Amino acid sequence: MIEAIESSQNARVETPVKTRVEMPAKTPVQILQLLQRQPELSMSEIAALLGKSTSTIECAIAKLKQQHKLVFEGPKKAGRWRVL
């Protein structure tokens, strides 16, 4: 009897869940959306607005530049981002 109870407790029943969970946008997508509205933002300002670390933003921006989706134009302090 105890063995039957133990075996029934170990049985797993998997049922598919059909609720759709909305995932937050990926960091590069969030960066592009933000820079389309405010192209003068610095990396540290982007990090603060998105709640991410500066290094995360730097990596994401480097990938966006490599993919030719983002370009920084002008001097470092007074330049602006251009989303391609």
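The residues of segment 66-81 that are under 17 Å from SER44 (Cα atoms) and among the basic types (Lys, Arg), listed by number, are LYS76, LYS77, ARG80. Scanning segment 53-70 for residues that are surrounded by 13 or more Cβ atoms within 10 Å (Cβ to Cβ) and either at pLDDT below 90 or not charged (D, E, K, R) (or both) turns up THR54, THR56, ILE57, CYS59, ALA60, ILE61, LEU64, LEU70.
The values are calculated or read from the model by the stated rules, or taken from the named source; none is laboratory data. Computed from a predicted structure; not experimentally measured. With ideal geometry, Cβ positions are generated from the backbone for all residues, glycine too; neighbour counts draw on all protein chains shown.
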